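**Student:** Got a structure here, written out as C-alpha cells. Questions coming.
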Amino acid sequence: MIFARERGQLSVVAETGTANDQAALAEAADKGARAHAALPAMRTLTQADVDRIVAAMSRAAIPEAARLGELANRETGYGNTTDKTTKNLFASD
C-alpha cells in the first residue's frame, strides 16, 4: 500500500482487484487520517498518560490473543494458530 498526503489529508494510492480490497484501502486511509488528526492531542500527554494507555491496550489485547491468532491464520493462511497466539501474547505483554 502506498500512502500519499494531499492538502493535509492522507490517501491510499494502490491498484486493487476487488470491492473488498477497495473497502479495506478506504478503511486504512480513514484510520490513518484519524490517527494523524489525533497527533496534536497525543503530543500533550504526559509519560504517565502514555503508560496508562499502553497498559490498558495490553489488558485488552491479552484475552483476545487466541481469537486474533485464529483470525490471522484463517485470513492469511500462513503459520499456525498456536504460534500466532504466542506472538500476540508476546507483543501484548
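**Student:** If you stretched the chain out fully between residue 67 and residue 38, how much longer would it get, using 0.36 nm times the residue separation minus the C-alpha to C-alpha distance?
**Tutor:** Working: separation 29, 0.36 × 29 = 10.44 nm, distance 2.85 nm.
This chain segment gains 7.6 nm when fully extended.
**Student:** Could you work out how far apart the two model spin labels at residue 80 and residue 60 are, taking each label as a point 7 Å from the Cα in the direction of the beta carbon, and quote it in nm?
**Tutor:** Result: 3.1 nm between the two label points.
**Student:** Please report the carbon-and-sulfur percent of the accessible area for segment 22-87; probe 1.4 Å, protein heavy atoms only, DNA, RNA and ligands left out. Let's see the in-between values first.
**Tutor:** Working: 3020 of 4910 Å².
It is 61 percent, rounded to a whole number.
**Student:** Then there is this: Multiply the residue gap between residue 87 and residue 47 by 0.36 nm, knock off their C-alpha separation, and tell me the result in nm, one decimal place. Before the final figure, lay out the partial values.
**Tutor:** Values: separation 40, 0.36 × 40 = 14.40 nm, distance 2.63 nm.
Full extension from residue 87 to residue 47 adds 11.8 nm.
The values are calculated or read from the model by the stated rules, or taken from the named source; none is laboratory data. Computed from a predicted structure; not experimentally measured. All Cβ positions, even for glycine, are placed from backbone atoms using ideal geometry, and neighbour counts span all protein chains on display. Only protein heavy atoms, including side chains, enter the accessible area calculation; ligands, DNA and RNA are left aside. Shrake-Rupley method; radii C 1.70, N 1.55, O 1.52, S 1.80 Å.
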